[in-house]
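Working notes, beginning with the structure itself.
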Amino acid sequence: MSYRLDLVIIDQQPAESRFALTIHNLSDKPIFQWALHFTMGRWINHASLSHGQMEQVGSYCVLTPDHNTPLLPNGHFYTEFTIGTQPFTLLDDGIIDAFICSDGQASFITPQPVEITALGLQQPHRDRHTTPLEPTVELPIIPAPQQLKALAGHFTLDQHTAISQGPHIAAGCSRWLQAELENLLHEDVGISPEGNIHFQLREQMATGAYQLLVEQDDIWLLASSEAGFCHATASLLQMIPAGPSHLADAAYRVPMVEICDAPHFEHRGMMLDCARHFHPVKRIKFLLDQLARFKFNVFHWHLTDDEGWRIEIDAYPELTRIGAWRGPNETIVPQFTTISQRYGGYYSKQDIRDIISYAADRGIMVIPEIDIPGHCRAAIKSLPDLLIDPNDHSVYRSIQGYQDNVLSPALKGTYTFLTNVLDEVCALFPAPYVHIGADEVPKGVWADSPACQALMDEQGYKDTKELQGHLLRFVENHLTSKGKRMMGWEEATHGDKVSKYTIVFSWISEEAGLACAKAGYDVVMQPGQATYLDMAQGHSAEEAGVDWAGKLTLEQVYQYHPLSELPANDPARHHIKGIQCALWCELINSQSRFEYMIYPRLLAIAEIGWTAPEKRNWPDFSARLAGQFAYLDKVGINYRRCE
Ligand code: ACM
C-alpha cells in the first residue's frame, strides 16, 4: 500500500490525552491537494491541532494540511491533537478506517487505500481474560429450569419421529420444531395426528409456564399459552445431544426427563442496533433462533439512528433511498467502517413481516424502535425541506459528535413526519408497543431557535427539556390513539410530560431504573454496566469492543442481580417488567464479530431473565455453560472462548 497511518498516544491524563498522527507517503509520487479521511469513535479537539485543519461529523474526520502542502514521495505529514477522554486501553479505541484522496475541491471523491498501524497505547501488557469453568454436566439446560427430574432411558429421535397436530396456539412452535428437526435429521418431519411429539393444552398453567415430559415412545409439551409451548420447545431442543450422533442414520437419543418450569421476569429481551451497521435478514433470523432457544421473548429492533434509516416507509421513500446509505459521495457521510465505499441497506416491509412471523413462531415479540427527537440525522438529511428549521441557529453537539441530529418540536414538518412514520410502523408491527428512543438529546439544542422560544413562551415552559416532553407527549397521545403503548429510554421522562403509561428502559445505571420504578413507571432494566454486549469482555488491549460503561466479563454479567437492593415487599418491584441486553453496533460489521460479542454472555443474560434469583449460582451455571459449547460449535457460532 502506498500510504500508512500511525496514531500514538504521547501524553495521557485521567480526562484528556494527546495524540500524534502521522500519514506517510510510501510511494515514489507526490500527492497534491490531498485530504486524509478517517473514522474514530471520539470527538477530537480541533483547536488543539498542531498542524492542518480538521472537520468532523460523528466518527468521520477529514484532515487537510495547511496551505495545501503536498505529501512528497517518502515524505510524511505529522500533527498532534488532544481528545477529552479517559485513557485509551483498547486497540479498538484507535482509528477504525481511513482513506486518502487527492481530489482538491472536486465534488467526487476517489478514495485511495491507507494502511492503518495498530494504535500505540501507553499501558503495560494485559493477558487475555480467561474464565475457568466447572466440568460439564448431563442435561446442561440454560436458563436453569425450576424443576428437572432425570429419568432412566431415552426417546429415539429418528426418521420415524413426527409432530402430532396440537392446539391452534401451538401451531407456531410446531413449525419451529419441525424446521429444527428437519435441519438435524436431514429428513422431512411431518405434522400429523399420529405424531409422537405432542403439544397439549393445560389451561390451569400460568402464561409462559410449561411442562416437558420425555418418555420412551412419546414426548409431551404441556402449556396454556403460545409462550409456554415455545419455551417447552426450547427445552426439548436443548435435550437433543449436540455432539455427533453415534447411532446409525442420524438418530439421536433424547434422555427421558420431566421438567416443570416458568419464567422469573415477564420481559426478557435483546436490543439490536441495525442502524450503525446493517445486519442482513439471515443474521437476524439466526439470532432469533438462539434467542428463542434460550427463552428470550422480546426482540427490540433499533431501526433508525444518525448513521442510517433502515425501515421502508411508503410516505417517504427518501428515508431509504438517501438515509439508508452512507459513503464518500453520498448525502450521509461515511461512518465507522467500510468508509471508502457506499455502505448500507434497509428492511423492506416484506422483510419486516417475514422477521415478525419468524420471531412469532419462536415466541418472540418484535418491538420496533424509531429514535426521536435525537439520533435523527439520517432522517433529517433525507428530508431537509420537512425537518430543518432554517432559522434555528442553536449550537450543540451530541455525545457521538453530531451537530445537526435533533428534530425540532416547533416545526410543523416534525409532526407531519412523525404522524406518517408512526402510522406505518403501527400498521406493520403487531406488537402493542412502539419504542421511541428519546435518549441523548444534546445540551444547547433549540436554545437559539425563535420558533422554539415562541413555543416555550406560549406553553409557559422554563426549560428546553420541556420541549422534548412536549413532543413526546404528542407522540404518546398519537400512539395511544392507535392502540399502542409507548416505550422509551429513561430520558423519555425528561420534561415530565409523558404519562406513567409509558414504559421506561433504563440504560444509564441501575439507580436510574430504580428511580423511574419508584416514580411509578413500569421499567425494563438494561443498565450498560451489566447488559451492554458491545463492551469489551476483558482488559487485554486486543479484546474487541468499547468500554465507556466498563469492561464486562461473562462472570460480571452473570453476577448481575437486577434491583437486588430493593426490598422484596417494596411496591416499586411490581414496576420491574424484566431485563434486556443490548448490542450497539458501531464496530460490528461482520457475522463473526457479531457472534463474538454476543456469545456466551447472552446465555448469562438468559438465566438472569428466566431463572429465579435464589436458584442462580455461578459454579452451576458455568458447568452447564461448558455443556453448551458443543451446540454452539455445531451451529458454527464464533463465541468467545472461556479458556
Ligand atoms: C443508549 O445506550 N443510548 C440507549
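The values are calculated or read from the model by the stated rules, or taken from the named source; none is laboratory data. These numbers come from a predicted model, not from an experiment. Heads up, the Cβs are rebuilt from the backbone with ideal geometry, glycines too, and the neighbour counts pull from every protein chain shown. Calculation scope for accessible area: heavy atoms of the full protein, side chains included, ligands and nucleic acids excluded. Shrake-Rupley method; radii C 1.70, N 1.55, O 1.52, S 1.80 Å.
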message = How charged is the neighbourhood of Ile370? Take every other residue with its Cβ under 11 Å from the Cβ of Ile370, and add Lys/Arg as +1 and Asp/Glu as -1.
response = -3
remark   = Ordering 567-573, 545-551, 409-415, 370-376 by per-residue average of other C-beta atoms within 10 angstrom, highest first, gives 370-376, 409-415, 545-551, 567-573
task = Rounded to the nearest 0.05, what FRET efficiency do Asp127 and Asn617 give with R0 = 35 Å and r taken as the Cβ-Cβ distance? Could you check?
result = 0.85
key: Label-point gap, in nm, between His561 and Lys29 - each point 7 angstrom along Cα→Cβ   = 6.7
inquiry  = Within the chain, what whole-number % of the accessible surface is contributed by carbon and sulfur, with the 1.4 Å probe and all protein chains included in the calculation?
reply    = 51
message = Quick check: pseudo-label points 7 Å beyond the Cα along Cα→Cβ at Lys518 and Gln147, how many nm apart are they?
response = 3.9
note = In this structure, the FRET efficiency calculated for Ala630 and Lys285 from their beta-carbon separation, with R0 = 25 Å, to the nearest 0.05, is 0.65
message = Could you tell me the calculated FRET efficiency between Lys349 and Gln200, based on Cβ-Cβ distance and R0 = 41 angstrom, to the nearest 0.05?
response = 0.65
remark   = SASA check, Leu587, accessible area w/ 1.4 Å probe, all protein chains in place, rounded to nearest 10 Å², comes out at 30
ask   = Which net charge results when you count Lys and Arg as +1 and Asp and Glu as -1 among the other residues whose beta-carbon is under 13 Å from that of Gln165?
value = 0
remark   = quick note, the chain, DSSP beta bridge pairs, % antiparallel (nearest 5) is 55
Difference of contour (0.36 nm per residue) and Cα-Cα distance, Ala451 to Ile399 = 16.2 nm
ask   = What order do Thr331, Thr131 take when sorted by accessible area (1.4 Å probe), most exposed first?
value = Thr331, Thr131
request  = Return the whole-Å distance between the Cα centroid of the stretch 606-643 and the Cα centroid of the stretch 274-291.
outcome  = 21
request  = At 7 Å along the Cα-to-beta-carbon direction for both Glu80 and Asn420, put a label point, then send me their distance in nm to one decimal.
outcome  = 5.2
inquiry  = With a 1.4 Å probe and all protein chains left in place, how much accessible area per residue does the chain have, in Å²?
reply    = 39
ask   = Expressed in nm to one decimal, what extension gain is obtained for the pair Cys260 and Ser590 from 0.36 nm per residue of sequence separation less their Cα-Cα distance?
value = 114.9 nm
task = Using a 1.4 Å probe and counting only protein heavy atoms, arrange Met40, Met1 so the residue with the most accessible area comes first.
result = Met1, Met40
query = Do the sum for the chain: with -39,500 (n - 2.57) for every DSSP H run of n ≥ 4, divided by all residues, what is the mean residue ellipticity at 222 nm, to the nearest 500 deg cm²/dmol?
reply = -7500 deg cm²/dmol
